[in-house]
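Written out below as structure tokens is the structure these notes cover.
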Amino acid sequence: MDEMTKQNLIEKNKRIINMVIERVKKDFRDDIAIIGLTGSFSTGDFHEKSDLDLIIINNTKRGWEISSCFILEDVGYDIYCTPWETRIEAQSSLNSPMISCLVDLQILYCAKSEYLERFNAYKQRALDALAEPIGNECIGRAKKYIDIAKQEYTNTLLSDNVGAVRYAASEILYNLINALVSLNNTYFKRGIKRYMEQLASFRYIPNDFEKLYMAVIDAKTIEEIRNVSYKMLKSIVELYDKMYDKFVKRPVPTYDNLCGTYEELWCNCRNKVIASTESNDKSYAYHAARGAQEYLDEMAEYIGTKKFDLMQYFDPDNLLSFKEAFLSIMEEYLEEYNKVGRKVEQYDSFEQLYDNYMQA
């Protein structure tokens, strides 16, 4: 693009920006708080058909009335609003992939100083989060994107339409890219055409990431799309697992946080497992096993107990062996209780329970 074309584009955008600001001053003084510039014209990475990315933060529902969409000289423009409580809030907590719209926004108009103070508070919140070392918060955000990618992977398996499968694969890739951003506790400073070069600068990415990335894009048949999507998903999950083990501070079982958990395991799971296995009710036993596994996983994540793999012992043709495995796991869980000095209260009669409870 030559210099004259570049300057003409800049001048055209200035006229549009001034038009929007004049309209705000005329009709929306109390409704619009801030107007800012983001996107390619903010970074200087624009081309002849680049659109103008304005962030208009509105205070009221009436502010939405300034929104407008139009085409000017073969370029589409979308003048829209961004409420404080939705996008700005999400960006400040790094729960949106559009963080650059907050932290790198060029302020063009601000109705009152108090709005700028509010904006800067949101911005500082995001900057503080980005300055944190990699740990529970950013890895937790990554998991949300990975879980969405997993759901989209099932969509590649449930359709025989190549367009639907390819779209699901694109959603997988998009969410895994955002997971990588979170795992590295950073954000994209530039748009989608610069994704690869920005991703390549990240410290934590899977081996052969670019090869896997391009394989998803290059895939032609349904089977190929499914296959490469699975490989991409698996590579990010493996990276996530390694980083979780390395950076997430795991809870430690204590006297206080273990309180009642063994009794709850007994209450919710033990007798169901025993009754279902001894009656040889496979369906009942299977769902009892699922519930027990879910509870054990929750305790491992939130309290820091040992991770138990109960479901590996489920055998529909030998339910009694599964029962014995479950009771053995309960014994191991009880050992954790004993280590921290907890005492399981067991009573042979209601009278004993009553006397002890009333004296507590």
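The values are calculated or read from the model by the stated rules, or taken from the named source; none is laboratory data. Computed from a predicted structure; not experimentally measured. Every residue, glycine among them, receives a Cβ derived from its backbone with ideal geometry; neighbour counts consider all protein chains shown. Surface areas here come from the heavy atoms of the whole protein model, side chains and all, with no ligands, DNA or RNA. Shrake-Rupley method; radii C 1.70, N 1.55, O 1.52, S 1.80 Å.
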### Task
Scan the range 1-51 for residues that are farther than 21 Å from D104 by Cβ, assigned to a loop (DSSP other than H, G, I, E, B) and not basic (K, R) and jot them down.
M1, D2, F28, D30, D31, E48
### Query
Restricting attention to the range 319-348, which residues are touching a residue at least 60 places away in the same chain (Cβ under 8 Å), among the β-branched types (V, I, T) and within 17 Å of A300 (Cβ to Cβ)?
V340
### Message
Can you pull out every residue in the range 215-233 that is out of contact with any Leu (no Cβ under 9 Å at 6 or more places or on another chain) and open to solvent by 90 Å² or more (accessible area, probe 1.4 Å)?
### Response
K220, E223, Y230
### Query
Among the residues of the range 2-15, is there at least one that is exposed (fewer than 14 other Cβ atoms within 10 Å of the Cβ), touching a helix residue (DSSP H, G or I) at 6+ places or on another chain (Cβ under 8 Å) and over 25 Å from A126 (Cβ atoms)?
yes
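Run down L319, L258 and say which single residue is under 30 Å from P133 (Cα atoms), crowded, with 17+ Cβ neighbours inside 10 Å and over 28 Å from the mean Cα position of the chain (by Cα). First the steps, then the outcome.
Details: L319 fails: under 30 Å from P133 (Cα atoms).
That would be L258, the only listed residue that is under 30 Å from P133 (Cα atoms), crowded, with 17+ Cβ neighbours inside 10 Å and over 28 Å from the mean Cα position of the chain (by Cα).
Residues E117, E85, E73: which one is in contact (Cβ under 8 Å) with a residue 24 or more places away in the chain and of a type in the set (D, E)? Walk me through how you get there before you give the answer.
Numbers: E117 fails: in contact (Cβ under 8 Å) with a residue 24 or more places away in the chain; E85 fails: in contact (Cβ under 8 Å) with a residue 24 or more places away in the chain.
Exactly one of E117, E85, E73 is in contact (Cβ under 8 Å) with a residue 24 or more places away in the chain and of a type in the set (D, E), namely E73.
In this structure, does T186 turn out to be assigned to a loop (DSSP other than H, G, I, E, B) and surrounded by 15 or more Cβ atoms within 10 Å (Cβ to Cβ)?
Details: assigned to a loop (DSSP other than H, G, I, E, B): yes; surrounded by 15 or more Cβ atoms within 10 Å (Cβ to Cβ): yes.
For T186, the condition - assigned to a loop (DSSP other than H, G, I, E, B) and surrounded by 15 or more Cβ atoms within 10 Å (Cβ to Cβ) - is met.
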### Among (1) farther than 20 Å from N95 by Cα; (2) open to solvent by 40 Å² or more (accessible area, probe 1.4 Å) - the single one Q151 does not satisfy
(1)
### Residue identified as of a type in the set (F, W, Y), part of a helix (DSSP H, G or I) and open to solvent by less than 40 Å² (accessible area, probe 1.4 Å) among Y167, Y195
Y195
### Message
Just checking, does the range 288-311 include any residue being closer than 30 Å to C138 by Cα, open to solvent by less than 20 Å² (accessible area, probe 1.4 Å), touching a residue at least 24 places away in the same chain (Cβ under 8 Å) and in contact with a Pro (Cβ under 8 Å, 6 or more places away or on another chain)?
### Response
yes
#### Entry: Selection status of F247, under 30 Å from the mean Cα position of the chain (by Cα) and touching a residue at least 60 places away in the same chain (Cβ under 8 Å)
yes
### Task
Inspect the range 108-119 for any residue being open to solvent by less than 30 Å² (accessible area, probe 1.4 Å), in contact with a helix residue (DSSP H, G or I) (Cβ under 6 Å, 6 or more places away or on another chain), farther than 22 Å from D241 by Cβ and not β-branched (V, I, T) and give the result as yes or no.
yes
### Message
Can you pull out every residue in the range 52-86 that is open to solvent by 80 Å² or more (accessible area, probe 1.4 Å), part of a strand (DSSP E or B) and within 17 Å of R15 (Cβ to Cβ)?
### Response
I71
